[in-house]
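Undergrad: Below: one structure in structure tokens.
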Amino acid sequence: MIVVVTGMVGVDKKSYLEKVCRFAGENGKEVLLCNVGDGMYAEAPDIPPGKILDIQMKRLNSLRRSVFKDIIAKAKNAPNLIVNTHATFRWRHGLFPAVDFDQMRQLNADMYICLIDGVSALHTRLDAEHSAEHTLKDLIVWREEEIIGTEMLCKGIDEKIPFYCLARGTEELTTETFYGLVFDGQSKKAYLSFPMTAVEGMGNVKNEIDEFRQMMKQSFICFDPGDLEESYLPLKAQRASEKGLDYVEVRTLGRKVRLDLHEVKQIERDINSQIYARDFMLIDQSEMIISLIPALEDGRAAISSGVERELQHAHEAAKEVYVIWTAKQTPSVFITQTATAVFNTLDEAMEFFKEKEYAK
């Protein structure tokens, strides 16, 4: 199995993929990880760390081709190979490709995965690890370019090769998701749907959603929109502005970080449009959608317009649609007529999935 993994600078793919390889080893799968960036620095010891994108394009391309040539040779003998690279670069040279089609055809990968992360986490890592200036707008645009660039690369090589977009999220969980995508041909791929912004601050409801997410990830290969949650940023920006602050404080990578208020406001439209497009893409790369509609304190259903739209999109894409409706309020015909099955509790849903041999 040969897997090409892309993702923009700031995702920290190397450490993530090292965890994937360790997890694979624990499960009896030997995986060779080839980091293109490390290979390029090894071939050019005169280039200081973090400066390789500043060299002349001609030399940069030559170094990259040399490293890929070695990787292609290693691929012939490795039982499983992960290539850590980029699809695009957005740097002082502008936007430019990070791979060559002729070499990617020679590599003949079995799968492409674009690894993504939240803009707050990307900004925090880049601030700590790279000297190049950037704005939040730069990051959110580059992330979108990387996804599209990877998909175009994959389909340009072979339309039949699977392409997935995967958020880092909580590494302990998503490394297993990554492993499942690559090595588990049995488990179903499911998109998890649940209200997010609408239940902000509702502790009991959020606990119910967290239990749902954890339980589903134990039985399915899950694409979870909660692994990349940014919809709260515009609301935080609005509150910060009302307080007269010039920054937005968020918690990311285990610590508090301040983002420039103007920059957050600048990407509000991008955040909303990317959530809309990305969630539909995650549904399309799944086999089913499993949606939790929890109950509010008064018994009404905590269903958002986003969840309703996701269910409709999945139905129209001929996916299996499962709804866990825990509210006392009766679901509308727009739910019951598009769902494959509706359950009253999480346990009832899990029992059904086990009977169908979907769940472990």
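Undergrad: Under 8 Å for C-alpha pairs, at least 6 residues apart: give me the relative contact order for the range 17-78, rounded to a whole percent.
TA: Once normalised by length, the contact order is 31 percent.
Undergrad: Given the peptides 159-166, 23-30, arrange them by the average over their residues of other C-beta atoms within 10 Å, most packed first. Please report the intermediate quantities before stating the final value.
TA: On the way: 159-166: 16.6, 23-30: 12.6.
Those peptides, ordered most packed to least, come out 159-166, 23-30.
Undergrad: Also: With label points built 7 Å along Cα→Cβ from the Cα atoms of GLN214 and GLU357, find their separation and express it in nm.
TA: Rounded to a tenth, the inter-label distance reads 3.0 nm.
Undergrad: May I pose another question? Once phi is turned into θ = phi - 60°, what whole-Hz ³J(HN,Hα) does the Karplus curve with 6.51, -1.76 and 1.60 give for every residue of the range 113-127, x standing for Gly and Pro?
TA: Going residue by residue, I get 10, 9, 8, 10, 8, x, 5, 5, 5, 4, 4, 5, 5, 5, 4 Hz, with x marking Gly and Pro.
Undergrad: LEU32's amide H: which non-local residues (gap 5+, or another chain) put their own amide H closer than 5 Å, with H modeled 1.01 Å from N in plane and none for Pro or chain starts?
TA: ASN80, LEU81, ILE82
Undergrad: While we're on this one: With the chain treated as a Gaussian network of Cα nodes joined by springs under 10 Å, which of GLY306, GLY94, GLY39 yields the largest mean-square fluctuation?
TA: Of GLY306, GLY94, GLY39, the most mobile in the Gaussian network model is GLY94.
Undergrad: For LYS29 and ALA73 in the same chain, what is the full-extension length gain: residue separation times 0.36 nm, less their Cα-Cα distance, in nm?
TA: Values: separation 44, 0.36 × 44 = 15.84 nm, distance 2.03 nm.
Full extension from LYS29 to ALA73 adds 13.8 nm.
Undergrad: Next up: Normalised by the number of residues in the range 1-185, what is the relative contact order in percent for Cα pairs under 8 Å and 6+ residues apart?
TA: So the answer I get is 34 percent.
Undergrad: Based on C-alpha coordinates, I'd like the Rg and Dmax of the range 1-124, in Å.
TA: Answer for the range 1-124, Rg first and Dmax second: 14.6, 43 Å.
Undergrad: Counting each DSSP H run of 4 or more residues in the chain as -39500 (n - 2.57), what helix-only mean residue ellipticity at 222 nm follows after dividing by all residues, to the nearest 500 deg cm²/dmol?
TA: Helices in the chain give a 222 nm mean residue ellipticity of -15000 deg cm²/dmol.
Undergrad: Here is a follow-up. Peptides 220-232, 100-112: what's the order by average Cβ count within 10 Å, highest mean first?
TA: Averaged packing, sorted descending, gives the order 220-232, 100-112.
Undergrad: Right, something else. Once you put a point 7 Å from the Cα of PHE334 and another 7 Å from the Cα of ALA277, both along the Cβ direction, what distance in nm separates them?
TA: Going by the 7 Å Cα→Cβ label model, 2.5 nm.
Undergrad: Follow-up question, since we're still on this one. Hey, in the GNM for the chain with a 10 angstrom Cα cutoff, which one of VAL11, VAL250, VAL20 fluctuates hardest?
TA: Judging by the Gaussian network model, the answer is VAL250.
Undergrad: Next question, about the same structure. For Cα pairs less than 8 Å apart in space and 6+ apart in sequence, what is the mean separation divided by the residue count of the range 183-336, i.e. the relative contact order in percent?
TA: The value is 27 percent.
Undergrad: Still on this structure, please answer the following. Structure shown: which of LYS189/LYS319; LYS13/LYS51; LYS29/LYS354; LYS189/LYS360; LYS137/LYS189 lie over 20 Å apart, alpha-carbon to alpha-carbon?
TA: Where the Cα-Cα span goes over 20 Å, the pairs concerned are LYS29/LYS354; LYS137/LYS189.
Undergrad: Next question, about the same structure. Obtain the nm distance between the two label points defined at LYS206 and GLU297 by a simple spin-label model: each point lies 7 Å from its Cα along the Cα-to-C-beta direction.
TA: Those two pseudo-labels are separated by 1.5 nm.
Just so you know, all these numbers are worked out from the coordinates, no wet-lab data involved. These numbers were taken from a predicted model, which means no experiment stands behind them. Please note: Cβ atoms are built from the backbone with ideal geometry, for glycine as well, and neighbour counts cover all protein chains shown.
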